[in-house]
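Here's the structure, in structure tokens; my notes come after.
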Amino acid sequence: MTDAEQSDTDTGPDPEGAPPTDRGWSDLWQAPTLIVGAVLLALGLLSAVGGKPHHDYPAALDDAAALIRSQRPVEALDLLNDTIAPALTTEAGATAEDFARLHALRADAISIAADPLGPDNAQRIVNGYTEAERFGLDLAPERVHRLAMALIALGREDEAIERAASLPESAGQARRGVLRRVIERALAAPGGAGAGDRTIELLDRFADEPDLTPEERAWAIATQARVRLEAGYTAEAVDHLLLAIQRYADLPARDAARLYTLLASAYQALGRLDEAEENVARAAERLSPADPLMAGVFLVAGRIAQDRGDPERARDAYARIVADFSASDAWAPALLGLAETRALLGQTAESFEAYDTLIQHIKEHGDRAGVPGERVVSSLLDQVGGALAQERYAVALRFAELARSVSEGERPSASVVLALARSERLLADQTLARARPAPGQPPDISLLDPVTRREIRRLYLSAGEHFLTHARTMILADDDAFAESLWNAGECFDLAGADERAIEVFAEYANGRPGDPRRPAAMLRLAQAHQARGELEAAEAIYRDLIAQNPTSGEGTRSYLWLARALLADEDPANDDEAESLLTRLIDGRLLEPDALEFRQALKDLGRYYARRDRLGDAIVRLDEAVRRYPDDPERPLLLFELADARRRRADAAADALTRAMPQADRARLETQRASDLEQALALFAEAQSALSARPVRDRTPVERAALRNAYFHRADAAFELGRYDEAIELYDTAAQRYADDPVSLVAMAQIVSALIKQGRFAEARKANERARQRLADFSDEAFARSDLPFTRKHWERWLDSTDALSRAGSAPQTASVPDQSD
């Protein structure tokens, strides 16, 4: 059946040199529609002759073959499928040869029409040719080649190679084409030359083929070198190329340039940069500047420059490829090199742009992108590491986000997740550090603006989730890495204020790692998270366990402070004495030195506790000690205010006590103490006012803002109580003007009235009183219900007394002074 086959596939004259036995329809009709119509007519007429079906199938199949030879495969398929195949039956006289030709011609037409060859059409081709063989057809070399190519498209490379091996010597080019296609697919697959020994074996078989063309010879040598290079056999690749270049010295210039470029790349990989540059020059000498092969030359030149520590020269080489050789296989590797060198040169935005372009290219082209996604991720992680080392955490985070986007839609690798976690954590830490009240002091997030605070919280939350994800991936792989990431996740959730998440993580850490050195610290953080959520009983239980386990150091000692705070925060006053005892133990010198953070905090907490309990003498002692011991404490301005306020309140209490009968000695002592408290309060309020005013407005916390405002008024109050009325009037006036829109300004205006009356300046007092009444009309009663106002009943009573004094004075002549009025 080979003669018939030859007439189907040959595009030239009949192999016998004679005209075809049956004249083809294409010789009679030019238009394909007429050919189809003629075949239909012939089949229809013949089927009616003598009442016995008989068709001229060979002639019809010849016409289909003619359409294929004239590169009209779609029309041939229409003819074969719609006309010939339905009529082709053994009853109508069809022979095995007719069936074989039908199947083979279908496969021929699909092979020509399908470009690119997808799996469905590849399967149809394989089915067609194998069916033709089943009907006895011996496939000609061209059809064997087509069948082999279809098998390759289906991933059946071994069958394709076996088919190609059956081709005669005269079909050597077809046989080599099959081998070459198998090799190229192996190299293009994920992992590339990872096809390994099988690929090398096929390359050797290809290279041993007789009658290789110069182009095929150069391709074989270059591909063998490439496989060796990608497999890590760099020295062997150099030896192979040196021998081949000498053995085939008559290769065309472009083919020789390919080999010199590969040799340069091999030398570059070995670190022999001088030899690499020499071969770059040899390759460039054999190419025109615009030759597409120059892209590979520039790529090696860029890598050499990068290895020499010359990123500018490398960048320029890579930029040339990206700009002028976008269709080259070197384009994607060059874009990666451009991204890396721009990062080295500090051109961060341009580096981001190059990486992003490359990532989009990989998403669009997948395995055909020219650079595997894993290589880009590795490069980006190197950039993350470099940026973290330079404390450029925002830059590191952007590189990490780009690394994550390479595998968008898939789970990122553990390394990428960890890079994201570290970058987010460190960026949040860095931003928060800007809120340090003083060098060496812990940051205070309240000093930051609301937008920055939200961003810090978002970063900590995201870092916590990424650390937790990384920990989960490390459970069975690396216990130390698991523990480190789990700990960091808990810390980040804690810093973000995500107390519930922090509790989950620290509980897992503490319960799952009983022998871990950080378990006590995890327990402490767990208790603190419970405390932050108001779950005081749970927190107290953990603190007590920690104290019992290690009462004199570490987390046990720290737990004294936190247990005391929890006890003071609950609604049970019966345990406040225990809290006081815990704080006292921290500052009695047996557990801690004064430079310990917990000592400092306990001292301040104790002073504030005494102030809340109206144990003002004890409060003054502890707060005064804190102010003296810690002049650089970030809370010093507040401590000054609190100490001044404690003295003011003790002076007020003394004034109340002095209205009662008591021994003269006690009265004298109390009056002396009251005067001393007022003098010191006056000075301390002034110092607190100055310290609080020195802090930028945007950095002041709400507590500090209230303290600053109250310092203005209480300072004036102290001057008033000391009888320094001119000074008090001046201080009240300053306060009233500074806080003119605040209800508190009425305090100052009313007190000015009282001070003027104390001096007998009734006319001025009446004017001041009228201004105060007008200001009172500006505010509702609710405005004075705020608990943070320095406006007490004493101030209202004093204003009422002053108003009454003005009323009683009437129009009587103003005297130099009047008797002091009782407060």
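Quick notes on this one:
- Selected residue (only one of Leu426, Leu432, Leu461 is under 30 Å from Pro702 (Cβ atoms), at pLDDT below 95 and part of a helix (DSSP H, G or I)): Leu432
- If you filter segment 89-116 down to residues that are hydrophobic (A, V, I, L, M, F, W, C) and over 22 Å from Leu147 (Cβ atoms), you find that the one that is modelled with the lowest pLDDT is Ala92.
- Here the helices (runs of 4 or more DSSP H) wholly within segment 86-201 that include at least 1 residues being in contact (Cβ under 8 Å) with a residue 40 or more places away in the chain are 96-113, 141-153, 157-165, 172-188.
Yes/no per residue for (1) under 26 Å from Ala323 (Cα atoms); (2) basic (Lys, Arg); (3) modelled with pLDDT of 95 or more:
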{"position": "His361", "(1), (2), (3)": "yes, no, yes"}
{"position": "Gly366", "(1), (2), (3)": "yes, no, no"}
{"position": "Pro372", "(1), (2), (3)": "yes, no, no"}
{"position": "Ser379", "(1), (2), (3)": "yes, no, yes"}
{"position": "Gly386", "(1), (2), (3)": "no, no, yes"}
{"position": "Leu402", "(1), (2), (3)": "yes, no, yes"}
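- Asp801 outside any helix (DSSP H, G or I) and charged (D, E, K, R): no
- Unique residue being more than 23 Å from Leu603 (Cβ to Cβ) and at pLDDT below 95 when the list is Ala655, Ala675, Ala686: Ala655
- Restricting segment 437-457 to residues that are outside any helix (DSSP H, G or I) and over 22 Å from Ala396 (Cβ atoms), the residue that is nearest to the chain's Cα centre (by Cα): Asp449
- Cβ pairs under 7 Å, 6+ apart, first in segment 665-690 and under 18 Å from Val621 (Cα atoms), second surrounded by fewer than 15 Cβ atoms within 10 Å (Cβ to Cβ) and aliphatic (A, V, I, L, M): Leu670/Ala657; Leu670/Leu658
- Residue within segment 351-364 that is in a loop (DSSP other than H, G, I, E, B) and over 11 Å from the mean Cα position of the chain (by Cα) present: no
- Selection status of Asp717, of a type in the set (Asp, Glu) and surrounded by fewer than 17 Cβ atoms within 10 Å (Cβ to Cβ): no
- All conditions in (1) in contact with a Phe, Trp or Tyr (Cβ under 8 Å, 6 or more places away or on another chain); (2) part of a helix (DSSP H, G or I); (3) at pLDDT below 95 hold for Ala706, with the sole exception of (1).
- Pairs with Cβ under 8 Å, 6+ apart, first in segment 250-278 and of a type in the set (Lys, Arg), second at pLDDT below 95: Arg258/Ala218; Arg258/Ala222
- Test for Gly534: is it at pLDDT below 90, out of contact with any helix residue (DSSP H, G or I) (no Cβ under 7 Å at 6 or more places or on another chain) and surrounded by fewer than 22 Cβ atoms within 10 Å (Cβ to Cβ): no
- Out of Arg608, Arg650, Arg585, Arg600, one residue alone is in a helix (DSSP H, G or I), out of contact with any Asp or Glu (no Cβ under 9 Å at 6 or more places or on another chain), surrounded by 13 or more Cβ atoms within 10 Å (Cβ to Cβ) and not small (Gly, Ala, Ser). It is Arg585.
- Residues of segment 366-419 that turn out to be in contact with a helix residue (DSSP H, G or I) (Cβ under 6 Å, 6 or more places away or on another chain) and in contact (Cβ under 8 Å) with a residue 60 or more places away in the chain, as a count: 2
- Pair list, Cβ < 8 Å and 6+ apart or interchain, from segment 529-553 residues that are more than 19 Å from Arg518 (Cβ to Cβ) to residues that are of a type outside the set (Asp, Glu) and open to solvent by 80 Å² or more (accessible area, probe 1.4 Å): none
- Yes/no for Glu642 being buried (at least 19 other Cβ atoms within 10 Å of the Cβ) and touching a residue at least 24 places away in the same chain (Cβ under 8 Å): yes
- Qualifying residue in segment 569-577 (condition: among the aliphatic types (A, V, I, L, M), crowded, with 20+ Cβ neighbours inside 10 Å and in a helix (DSSP H, G or I)): no
- Asp726 vs. criteria assigned to a helix (DSSP H, G or I) and open to solvent by less than 40 Å² (accessible area, probe 1.4 Å): no
- Some residue of segment 735-751 being over 28 Å from Gln673 (Cα atoms), in a helix (DSSP H, G or I), among the hydroxyl-bearing types (Ser, Thr, Tyr) and open to solvent by 10 Å² or more (accessible area, probe 1.4 Å): no
- Scanning segment 617-629 for residues that are open to solvent by less than 20 Å² (accessible area, probe 1.4 Å) and out of contact with any Leu (no Cβ under 7 Å at 6 or more places or on another chain) yields a single hit, Ala619.
- With respect to the conditions (1) under 27 Å from Thr701 (Cβ atoms); (2) open to solvent by less than 20 Å² (accessible area, probe 1.4 Å); (3) in contact with an Asp or Glu (Cβ under 7 Å, 6 or more places away or on another chain), Ala681 falls short on a single one, namely (3).
- Pairing residues of segment 307-334 that are among the acidic types (Asp, Glu) with residues that are at pLDDT 95 or above and open to solvent by 20 Å² or more (accessible area, probe 1.4 Å), at Cβ distances under 7 Å and at least 6 apart in sequence or on separate chains, gives Asp307/Gln268; Asp307/Leu273; Glu312/Leu345.
- Among residues of segment 303-328 being polar (S, T, N, Q) and either in contact with a strand residue (DSSP E or B) (Cβ under 9 Å, 6 or more places away or on another chain) or under 16 Å from Ala354 (Cβ atoms) (or both), the one that is surrounded by the fewest Cβ atoms within 10 Å (Cβ to Cβ) is Ser326.
- Subset of segment 137-176 [under 50 Å from the mean Cα position of the chain (by Cα), surrounded by fewer than 18 Cβ atoms within 10 Å (Cβ to Cβ) and more than 23 Å from His103 (Cα to Cα)]: Asp158
- Complete set of residues in segment 482-498 that are aliphatic (A, V, I, L, M) and either open to solvent by 30 Å² or more (accessible area, probe 1.4 Å) or free of Cβ contacts under 8 Å to residues at least 12 places away in the same chain (or both): Leu495
- Single condition Gly232 does not satisfy, out of (1) closer than 18 Å to Ala269 by Cα; (2) of a type in the set (Gly, Ala, Ser); (3) crowded, with 16+ Cβ neighbours inside 10 Å; (4) at pLDDT below 90: (3)
- Restricting Tyr509, Tyr460 to residues that are of a type in the set (Ser, Thr, Tyr), open to solvent by less than 10 Å² (accessible area, probe 1.4 Å), closer than 23 Å to Leu420 by Cα and more than 18 Å from the chain's Cα centre (by Cα) narrows the list to Tyr509.
The values are calculated or read from the model by the stated rules, or taken from the named source; none is laboratory data. Predicted model, so just to flag it, every value in this text is computed and none were measured. FYI the Cβ positions are ideal-geometry reconstructions off the backbone, even for glycines, and counts take in every protein chain you see. Remember, those area values only see protein heavy atoms, side chains included, never the ligands or the DNA or RNA. Shrake-Rupley method; radii C 1.70, N 1.55, O 1.52, S 1.80 Å.
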